[in-house]
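The values are calculated or read from the model by the stated rules, or taken from the named source; none is laboratory data. None of the values given here were measured: they were computed from a predicted structure. No Cβ is skipped: glycine too gets one built from the backbone with ideal geometry, and neighbour counts run over all protein chains shown.
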Amino acid sequence: MSRVEVLKASDLPVGEMTKIEAAGRTICVAHLEEHGFRAIDDRCTHEDESLSEGYLCDESVECPMHSSRFSFLTGEVTGVPAWIPVRTYPVEVEGDSVFLIVEESKEASA
Amino acid sequence: MASDSSAQAGQCPFSRVEIEKLDVLQKVLRSKAVEEDANVSADNYLHPDELGAINVKAFQEGNLAMSKGDAHRKRRRLLNQLVRPEQLVHYREEIILPAVQRWMGRKAEENADGTFSIDLAGVVELIFLEFAAKIIGIQGVESEEGMARLRGCALPIFGGLSAAHFENREEVTNAGLEARKVFVEEFYKPSLEFAKSQLARVEAGDLSEDEVPLNLLHMIATEAVEDYADEETGVKEAILFFVATTGTSAQAVMSTVDYLIGWFEEHPEDRQRIEDMEFVSNALQETLRLRAPFIPYLTRLAVDDVDADEVDIKAGDEIHAYIARAGRDSNVFGNDSNQFNPDRAIPEGINRYGLAFATGPHQCLGLRTVLGNDGKSGSHLRMVQGLFRAGIRRDPDQQIRTLPLKHSDDPRDQIPTFVSFPVILDNWSKVA
């Protein structure tokens, strides 16, 4: 497992998401109003689409293609048609730096 | 599954591959090596003929379903705005459920014993026609006359789009073409001009954006994607929405009612479960598993060799995806897979509706309208529940009528398209 700095907190305002690459993985990082920074796999488990290009809906992200929703808090599906949850990643914030705890992947997750 | 070399040796290197196993079909439909193709869909690929060419040009080519690659992705993302959660609630509460009351009130006839008779096929079609009109942005349907005229187009256009699946294909195609003319001249073009005028008023400050509902014609009027600069593409997109919103929705509701009437006759103790939205959702999804998409197969074209386990698919092959047969795959759904059972245990990773909404990039845009964002609050579910709360049962004195399908030796392909579904409502009254 590695602790990777992925972005500056000041670069991602509340209510926004971004796509980052870390340890061979493509990850969607969001800055939630009530829960701070959260991170999940960027790839929608329904079809091969990028969640960071979708819509942030409270604590969930909605895929722009078929509208599947996933919770940033748990990774669980919160809106059909997906049924497989996404992976979540622990997030740590120190000062203006946002870190993810990730396991190195042999291939990108999205 | 089967591979059928449908062309004579030395003339056509491609073949038709028929797939009916759910796991294989899932893999194939999700493959990037497989695309929609208008000629394949119109049965004009391996055996081109005049009727097929007409079908491609008039109904298929250029619509969302037949678009590919990045063009498809852009269009899909745009049109997805029409089915976002706030839109779904708007459709259910402000369009569909009020339309149910209005059209049932107009069409139900009171019997001497206080019950009401109604042709469910007619009224469900009207309800979804109104919905289709609103989601597309079609004007002129507020009057019964306007709605009757639009309704006259609905079934023939569905036939025109799906002509490859019906007997008397020439007759179905010609009827579809006539209906298309009416739809375009009397509804599409005037409504597009209305959309443009509304947008001009917004630009001029006479109307606020909130006063102008989001619909397909606004997207076409603004050429929100470059494809919509072509008038024919806009027309065929509207036709696709028209058919997809009315035909399959109406058949889904009627088939669910058909199955549930039978289920409650065999299991009267389950009658009260109509109050449980999860039960209603399971019933509709089970219906879709068995019958959707109300034609025997979908079509795709292999643009590259496909790795599909035991199925050999080469680039250029035409694929027939037997969705309803896959939905009855006994390896997945058990030995009673041909039976309706809303309490069926479903294996993990499989949708209760099978592949009724297809899968892959072209998965049905309307899935969440039907089921709701949470899988049990959709408009169609509420409609089915409402009909059973109204005490629906088959009319014993009238026959149900269906469209004749092209012959198949496989009884699983005999999916009824209801054109008349007479029912009695025992516990219903007209709202004053």
Residues satisfying the stated conditions in the stretch B:98-120, i.e. assigned to a helix (DSSP H, G or I) and of a type in the set (S, T, N, Q): B:Gln101
Starting from the stretch A:66-94, take each residue that is more than 10 Å from chain B (Cβ to nearest Cβ) and within 20 Å of A:Arg3 (Cβ to Cβ) and list its partners that are among the small types (Gly, Ala, Ser) and in a strand (DSSP E or B), counting only C-beta distances under 6 angstrom and pairs at least six apart or across chains. A:Phe72/A:Ala30; A:Tyr89/A:Ala39; A:Val91/A:Ala39
Helices (runs of 4 or more DSSP H) completely within the stretch B:201-304 that count 2 or more residues being out of contact with any Leu (no Cβ under 7 Å at 6 or more places or on another chain): B:231-266, B:277-291
Do any strands (runs of 3 or more DSSP E) entirely within the stretch B:305-422 hold 2 or more residues that are farther than 27 Å from A:Cys63 by Cα, away from chain A (no Cβ under 14 Å) and among the basic types (Lys, Arg), and if so, which? B:392-394
Looking only at the stretch A:23-57, which residues are over 12 Å from the mean Cα position of the chain (by Cα), charged (D, E, K, R) and more than 11 Å from every other protein chain (Cβ to nearest Cβ)? A:Glu33, A:Glu34
Can you list residue pairs whose Cβ atoms sit under 7 Å apart, with the first residue in the stretch B:119-131 being without any contact (Cβ under 8 Å) to a residue 24 or more places away in the chain and the second being surrounded by fewer than 24 Cβ atoms within 10 Å (Cβ to Cβ) and in a helix (DSSP H, G or I)? Count only pairs 6 or more apart in sequence or on different chains. B:Val123/B:Trp103; B:Val123/B:Met104; B:Val123/B:Lys107
Checking B:Val17, B:Val24, B:Val34, B:Val40 in turn, the sole residue that is touching a Ser or Thr at 6+ places or on another chain (Cβ under 6 Å), crowded, with 19+ Cβ neighbours inside 10 Å and over 23 Å from B:Pro156 (Cα atoms) turns out to be B:Val17
I'd like the residue in the stretch B:116-162 that is touching a strand residue (DSSP E or B) at 6+ places or on another chain (Cβ under 9 Å) and modelled with pLDDT under 90 and, out of all such residues, is surrounded by the fewest Cβ atoms within 10 Å (Cβ to Cβ). B:Leu155
Scan the stretch B:71-98 and report the pairs whose first residue is within 10 Å of chain A (Cβ to nearest Cβ) and whose second residue is hydroxyl-bearing (Ser, Thr, Tyr) and surrounded by fewer than 18 Cβ atoms within 10 Å (Cβ to Cβ), with Cβ atoms within less than 9 Å and a gap of 6+ or a chain change. B:Arg84/A:Tyr55; B:Leu88/B:Ser377
Test: B:Leu22 is within 14 Å of chain A (Cβ to nearest Cβ) and either aliphatic (A, V, I, L, M) or on the phi < 0 side of the Ramachandran plot (or both): no
Show the residue pairs meeting these rules: Cβ distance below 8 Å; 6+ apart or different chains; first residue within the stretch A:1-14 and farther than 8 Å from A:Leu100 by Cβ and free of Cβ contacts under 8 Å to residues at least 60 places away in the same chain; second residue among the polar types (S, T, N, Q) and exposed (fewer than 11 other Cβ atoms within 10 Å of the Cβ). none
Using the structure shown, decide if B:Asp43 is under 28 Å from B:Asp329 (Cβ atoms), of a type outside the set (Phe, Trp, Tyr) and at pLDDT below 90. yes
Does B:Glu178 fit the bill of being touching a Pro at 6+ places or on another chain (Cβ under 9 Å), part of a helix (DSSP H, G or I) and surrounded by fewer than 16 Cβ atoms within 10 Å (Cβ to Cβ)? yes
Which one of the conditions (1) among the small types (Gly, Ala, Ser); (2) over 22 Å from the mean Cα position of the chain (by Cα); (3) surrounded by 15 or more Cβ atoms within 10 Å (Cβ to Cβ) does B:Gly262 fail to meet, given that it meets all the rest? (3)
Residues of the stretch B:220-232 being surrounded by fewer than 22 Cβ atoms within 10 Å (Cβ to Cβ) and either without any contact (Cβ under 8 Å) to a residue 12 or more places away in the chain or in contact with a Gly (Cβ under 9 Å, 6 or more places away or on another chain) (or both), which ones? B:Glu223, B:Glu226, B:Asp227, B:Tyr228, B:Ala229, B:Asp230, B:Glu231, B:Glu232
If you check B:Glu167 against the conditions, is it out of contact with any Leu (no Cβ under 8 Å at 6 or more places or on another chain), surrounded by fewer than 20 Cβ atoms within 10 Å (Cβ to Cβ) and among the acidic types (Asp, Glu)? no
